[in-house]
1. Filter region 279-327 for residues that are under 21 Å from P384 (Cβ atoms) and among the basic types (K, R); which is nearest to the ligand (Cβ to nearest atom)?
2. Could you check region 188-207 and list, in sequence order, the residues that are farther than 21 Å from F58 by Cα and either aliphatic (A, V, I, L, M) or over 20 Å from the mean Cα position of the chain (by Cα) (or both)?
3. Taking into account only those residues within region 222-239 that are assigned to a loop (DSSP other than H, G, I, E, B) and over 14 Å from the mean Cα position of the chain (by Cα), which is nearest to the ligand (Cβ to nearest atom)?
4. Which numbered condition in (1) among the hydrophobic types (A, V, I, L, M, F, W, C); (2) under 26 Å from the mean Cα position of the chain (by Cα); (3) under 28 Å from E454 (Cα atoms) is the only one that V315 fails?
5. Exactly one of these conditions fails for S349: (1) under 19 Å from the mean Cα position of the chain (by Cα); (2) closer than 16 Å to V369 by Cα. Give me its number.
6. Tell me, which residue of region 246-276 that is assigned to a loop (DSSP other than H, G, I, E, B) and away from the ligand (no atom under 16 Å from the Cβ) is farthest from T290 (Cα to Cα)?
7. Taking region 374-391 as the region of interest, how many residues are more than 15 Å from the ligand (Cβ to nearest atom) and surrounded by fewer than 21 Cβ atoms within 10 Å (Cβ to Cβ)?
8. For region 351-368, give me each residue that is free of Cβ contacts under 8 Å to residues at least 40 places away in the same chain and not in a loop (DSSP other than H, G, I, E, B).
Amino acid sequence: MSSPYPKLRMLIDGKWIGAEGRTTQPVIDPATEDVLGYLPHAAASDLDRALHAAEQSFRSWKRVPARKRGEILKMAASLIRERAEHITRLVTLEEGKPLAEARIETAMAADTLEWYAEEGRRAYGRIIPSAVGNNQLRVMQEPVGPVAAFAPWNFPVVNPARKIGAALAAGCSCIMKPPEEAPASALAIAEALVDAGLPDGVLSIVFGVPHEISTHLLRSPIIKKVSFTGSIPVGKQLMKMSAETMKRTTMELGGHAPVLVFDDVDVDSVLDLFLAAKFMNDGQVCVSPTRFYVQNRIFDRFVEGFAARAEALPVGPGTDERNRMGPLAHPKRIDAMAVLIEDAIRAGSRSCAGGERIGNRGYYWKPTVLANVPETARTMNEEPFGPLALINPVADEDEAVARANRLPFGLAAYVFSTNGARARAMGDGLEAGMVGINNFAISTPEAPFGGVKESGHGSENAIEGLQACLTTKLISEC
Ligand code: NAD
């Protein structure tokens, strides 16, 4: 495949800005470790211009009728669909995931903008019957104000689309810092919006050293809301900073999803689904199924079938359509895998598949399966965020749900059982923001996506995603 990699830019106040004397950083192809391009970093003055533009443009954008705002979002969605194959290849080049997965992600980014385009028209208020005289209590939903959004590298087009879509549909302006590891993907979303007629300044895209950018933007009183997807420690830092000026926050942080598998399922028929979900995007997915709690009677067969399928999974460059798993996104993930797996083996886990890096060029890691992993092993307590399945036996429902709820995280959880009453009871008992029963399909624009406990708060997508960019105002009129 010849490289379609574009010149990297930022978007500030309607202008595309290149390096022009600014600091730059290389963007690396995780499949080859070659440099794809050089990304300009925003100077403090660039961030100030983006803030000023967000403040100015908010005044007019919030007055644009929701239907008109929606038309721009819909046009951007259709441009993304027209450019889908180009965007798909950018995602695979920068992030490493197989083209088939990148294609689905690109389609979902378009669907997300389109969904918000529609939902923005339904930011309803209400009239409350007053307890006194001729008083009327009118409740309005107004856009909260300029939003600062930070998107991670693992879903470099759909995550920016969620954050930008919600903000713009609600009538907010937005400054986004996409991931420095996969910048061209997010820029393609911004280009579609600009080409669709988005007014200058409503969306700015900046890059840089993440904590420097977030500190600069979050200290500003102009920013009224922060939307972050990433790790729990960074989410906590951003919340502390947001508290200084009482900014609203949506925090979509890490998880460590348990999967409860009961002995009434047909093991062979569910395993292909499990493998696809576990090794999607190399397991670098916040809702990735990770801790499999499998009922004793089917445990051995489950582990054996899982390991055999993992060993057979084709791994290689995401640009080769035959591969089901590409490289990890960056070298930090290779180091994390090595440390967590070594620790788990030392703690007494059984290695059933994988467990090591593939080659020494490109960040490839073998799909790995560990069984009988002690709860004390680091990987049972820290999100592995990699191609690692942890499979442990459980006796019954009580043990399964207790072990599933043991961690301070609560993003996604899954239950597999053909007994409807049991599956529903487990679903009710799991401490998670999202529960999949007999499936892993929990991410779609219409449904709320978010966690509980240390996995964060607030939801993206769905009416909740729009609501998070709106504020409630009461007008009491006589
Ligand atoms: P990391 O914490 O260094 O970075 C995660 C993301 O946050 C990156 O996109 C990064 O650019 C951004 N970031 C880091 N510091 C920031 C700051 N001060 N201000 C604003 N943005 C900042 O971790 P990593 O090694 O890149 O990713 C691995 C960990 O991150 C995983 O363990 C996982 O928990 C978490 N993560 C979660 C998601 C998710 O979808 N919830 C996505 C990516 C990463």
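1. This residue is R291.
2. Selection gives A188 alone.
3. Restricting to residues being assigned to a loop (DSSP other than H, G, I, E, B) and over 14 Å from the mean Cα position of the chain (by Cα), the top hit is I223.
4. (3)
5. (1)
6. Taking the candidates together, the pick is M246.
7. 4
8. Selection gives S351, R357.
The values are calculated or read from the model by the stated rules, or taken from the named source; none is laboratory data. Since we're looking at a predicted model, the values are computed, not measured. All Cβ positions, even for glycine, are placed from backbone atoms using ideal geometry, and neighbour counts span all protein chains on display.
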